[in-house]
Amino acid sequence: MARSASPGAPSGAPPAKWLIEKLDSIGLTHEIDSAGNLFATLPGASEKTVVVGSHVDSVPNGGWLDGALGVVTALEAMRRYVAEPNHPVTLKLVDWADEEGARFGHSLLGSGAAAGTLDLEEVRPLKDKQGTLLVDALKENGVELDRMLDAHVSLKKNQRESLSRISHRTRRRSRIAK
Ligand SMILES: [Zn+2]
């Protein structure tokens with residue numbers, strides 16, 4: 001999905017175009033879920049997945065290492081792993097959208113949506129200091145508040161699919177063993 005704005009941008013975080021460019025440069029495609037979280041997956045021999053990442057938005061005086069270091073570290077792990085001849089497990093990079101919540105005073109927006117713990121009614125009335133509604137800021141970044149929890153549904157769906165694939169394989173293996 002081509003997007004010029006950052007997935008972290010719903011809160012006004014700096015664009016993460018650079019992150020997408022870096023992922024492109026190592027040949028990794030990315031997906032952005034309905035909450036604006038960015039994922040890049042490097043499939044391995046096993047569907048067991050190691051998720052690495054953080055967020056690129058920050059807070060005033062958060063320092064230059066807040067969140068961004070976790071994303072850059074994850075990016076470096078992906079770059080190293082791509083270059084390896086064998087990929088025993090699946091590696092997934094995540095950049096959570098609006099993790100700090102500096103603009104609207106509500107943290108864990110993207111990760112909360114993915115975890116299914118985000119209370120839509122609690123965040124619906126939130127406004128920034130200029131009086132802009134969170135709902136409108138999200139919309140500007142291609143995120144619909146009422147669809148944000150779909151991020152949780154798709155995460156669970158992926159989990160279920162890989163679990164069922166694993167159990168199929170295990171069943172097959174135990175039949176062979178008999
Ligand atoms: Zn942080």
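Bear in mind that the values in this text are calculations on the coordinates, not laboratory data. None of the values given here were measured: they were computed from a predicted structure. Note that each Cβ is placed from the backbone with ideal geometry, even for glycine, and that neighbours are counted across all protein chains shown.
Here are a few things to note about the model shown:
- Ignoring lysines fewer than eight residues from K129 along the same chain, the ones with Cα atoms less than 20 angstrom from its Cα are K139.
- Cross-link reach is defined here as a Cα-Cα straight distance under 24 Å, omitting same-chain residues fewer than 8 places apart; for K22 the lysines meeting it are K92.
- Using the Karplus relation 6.51 cos²θ - 1.76 cosθ + 1.60 with θ = phi - 60°, the per-residue 3J(HN,Hα) values for the stretch 71-87 come to 6, 5, 4, 4, 4, 5, 4, 5, 4, 5, 5, 4, 6, 6, x, 10, 10 Hz, with x marking Gly and Pro.
- Along the stretch 135-140 the Karplus relation, 6.51 cos²θ - 1.76 cosθ + 1.60 evaluated at θ = phi - 60°, assigns HN-Hα couplings of 4, 6, 5, 4, 4, 4 Hz to successive residues, with x for each Gly and Pro.
- The loop-placed GluC sites (Glu not before Pro) in the stretch 125-165, going by DSSP, that have at most 13 neighbouring Cβ atoms within 10 Å of their Cβ come out as E144.
- What the phi angles of the stretch 49-66 give under the Karplus curve with 6.51, -1.76 and 1.60, with θ = phi - 60°, is a coupling list of 10, 9, 9, 10, x, 6, 8, 9, 7, 9, 10, x, 6, x, x, 6, 8, 4 Hz, glycine and proline written as x.
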